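Have a look at the structure below, then the notes.
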Amino acid sequence: MSLVKQDYKSLQRLFPSEVPKGMDAAANSLVGAFYRQNPRVWSLKSRAYAIHSRADSFRGYSRQEFNSYLQELRLRFRKNPQQDRHVVNEAFAALCEASERSLGIRPFPVQVMGALAMYNGYLIEMATGEGKTLTVCLPSVLVGWSARPCHVVTVNDYLASRDASSMSDLYRFCGLSVGCVVSEMEPGERRDNYQCAVVYATSKEILADYLRDRLKLQGKEKSCHMLLERLGNPGLERGEELVMRGLHTAFVDEVDSVLIDEAVTPLIISSPAQNSFLKDVVPCIQEISQNLIKDEDYSVDLKHMQVHLTAKGHRKIREYQERIPGIWQGASRREELIKQAISSREFYHQEKQYVVQDGKVIIVDEFTGRLMPNRSWSNGLHQMIEAKEGVEFSDPTETLARLSFQRFFRLFYRLGGMSGTAREAAGEFWQIFGLPTVSVPTHKPCIRRRYPDRFFVDAENKYQAIIEEILHVHGTGRPILVGTRSVNVSEDLAQRLAQEGLECQVLNAVRHEEEARIISQAGEYGNITIATNMAGRGTDIKLGPGVAEIGGLHVIATERHESGRIDRQLFGRCARQGDPGSTRAFVSLQDALFERFVHRSVRSSLAATIQAGLPGAVRAAKMACYLAQRSAQSQASQKRKSVLQNDQWFDKALSFSGKKSSL
């Protein structure tokens, strides 16, 4: 490939239109509903079964005959990526046979259905354990044959490395190379892997590499500009070149986590900025904030995570004005820092939102329970938390480039995705990304048993009931998976079980080194596993010998989450591939969901109703929980839209100033 052509492809990307608003958004929603209707789903299903049947005809092909046929298909897609339905069907049928010959696994018809849907720009909801790892390979091969960049996006480095390795035989059998990009790689190694036909990586790594490449361009927006630089600088180091070869297709695994949960915060490329003034003022501000009294000098809005100063609070802060270093004495600056100091105390707690390791404050992803060592809070909040914990201050950062995940994935010409829980956000997926959502049926009927939620007034009674349930189920020999929201709850439950003489495996942000191994063994006879949120997501929990006969895995949720999807993700860890299993959630009125999104007066009424054992108490609590989740999801959706709108405003502002954006 010539340098000009290579540079052209590396710079090529889609320029998306703005997200529709008002009446346009309403009309667009109707279009999305049309694409999600059942007749289209049944059309995909019937087509998949026909392809699966056609694949049987390849069993009689010799190795040489079959390889020649695959080579013929590869050349056809290389010459013309937009093949008609018949050729695409033939290609998928051949890939079913190729999978069996290379991996020893023949895709089920439902996996072919999911692959077809993703190739045609759908987002599929596919239950846990139904084989999403193999499903995404099939459309990826077709894109790889077309010589277009194909990215398979996963939620962490382990899954990216594991999936690329486990599926490599299939890709090689089809004449394609497969690469993997993980966080510890150097630029040269990254570039080598991005040159592969199919690349596995996390959304953070791909977006970060894209932004770093845009920074390297520095106004060289066209391939001719890059060619001139090469001619004028023949000694250009390889590490100074672009590492990616362009954006075209992305298939996103656990798409709700990548495009919904992680989409609240844009990814920022930054550099350390020496700011001794901020480091000087933080201890002073923390000390002043300790003298402010809650509900007297300030009020707290838990729902929106905001602090509001009262008139008395404003007056008290002015009394401390002379103690604040010079440039921070201005009213707006000192009040902003005071609010950050109060927020660090009221909203951010160790072993919930962050942990302290090796003298550093490390953020914990609240949706996955994983550590995010290279991330920091902005506007001085991170330094406020460090002051609260008494650790050495980190340098504040200066933003070099920023881009939201929504904006980034809208740059791809072809986008598809899959998840076990997608239907709750189907409308948002359509409005933001133009992705219609379809549900893929399970290969075998799901026989999961869901027990009614149990509601309690306070957390202590709830945890006692959880221990009793664990003791009861453990007595039968069934394995148990307990999902918690924070590190301290998982550790507390482990201590309570130890007092009862029971051993358990604990998996959280602090104990994450053997995540996949622990989760994979959670289905063994008599095992008890406690995990924060969706730790181990992407790793199947297979039942040990004899476990299916006694009822399978029992999953316990220690509280309901703001998003019902997170609850379903946890419950989906059991009863996979027709296995038995059961679930139950334990909820208290002191849980974060109720404290943030249910009014105090309503909580008081519910508490009185539950304590009195009145008829309808459980029904009322369930309704309050449902409405709280609806409110939380609506607020989160508005935050994500706000991030996208900020991106669009940022682009317009830079365009007006004559500068270039990160795009």
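Quick look at the values:
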| quantity | calculated |
| --- | --- |
| Lone qualifier among A160, A94 - being part of a helix (DSSP H, G or I), of a type in the set (G, A, S) and in contact with a Leu (Cβ under 8 Å, 6 or more places away or on another chain) | A94 |
| Contacts under 6 angstrom Cβ, first residue in the stretch 159-183 being among the hydroxyl-bearing types (S, T, Y), partner part of a helix (DSSP H, G or I), 6 or more apart | S183/D157 |
| Some residue of the stretch 68-80 being surrounded by 15 or more Cβ atoms within 10 Å (Cβ to Cβ) and more than 20 Å from S102 (Cβ to Cβ) | yes |
| Qualifying residue in the stretch 333-350 (condition: within 30 Å of Y158 (Cα to Cα), outside any loop (DSSP other than H, G, I, E, B) and not assigned by TED's automatic domain parsing to the domain that holds I519) | yes |
| Sole exception among (1) in contact with a His (Cβ under 7 Å, 6 or more places away or on another chain); (2) over 29 Å from L259 (Cβ atoms); (3) surrounded by 14 or more Cβ atoms within 10 Å (Cβ to Cβ) for V281, by number | (1) |
| From S419, S439, residue being among the small types (G, A, S), closer than 30 Å to L493 by Cβ and touching a strand residue (DSSP E or B) at 6+ places or on another chain (Cβ under 9 Å) | S419 |
| Which listed residue, of A273, A263, A250, is surrounded by fewer than 17 Cβ atoms within 10 Å (Cβ to Cβ) and either touching a His at 6+ places or on another chain (Cβ under 7 Å) or at pLDDT below 85 (or both) | A273 |
| Residue check for T154: hydroxyl-bearing (S, T, Y), closer than 26 Å to E424 by Cβ, surrounded by fewer than 24 Cβ atoms within 10 Å (Cβ to Cβ) and at pLDDT below 95 | no |
| Hits in the stretch 387-405 - residues which are surrounded by 22 or more Cβ atoms within 10 Å (Cβ to Cβ) and not small (G, A, S) | L403, F405 |
| Some residue of the stretch 453-468 being under 27 Å from the mean Cα position of the chain (by Cα) and either more than 30 Å from M118 (Cα to Cα) or not hydroxyl-bearing (S, T, Y) (or both) | yes |
| Out of L415, L435, sole residue that is under 30 Å from T133 (Cα atoms) and in a loop (DSSP other than H, G, I, E, B) | L435 |
| The stretch 369-382 residues that are farther than 26 Å from E515 by Cβ, paired with ones that are exposed (fewer than 14 other Cβ atoms within 10 Å of the Cβ) (beta carbon under 9 Å, 6 or more apart) | S378/T399 |
| Neighbours by Cβ (under 7 Å, 6+ apart or cross-chain): first from the stretch 292-304, closer than 26 Å to S637 by Cβ; second assigned to a loop (DSSP other than H, G, I, E, B) | S299/T310 |
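The values are calculated or read from the model by the stated rules, or taken from the named source; none is laboratory data. Remember, predicted model here, so these are calculated numbers, not experimental data. Cβ: placed from backbone, ideal geometry, glycine included. Neighbour counts: every protein chain shown.
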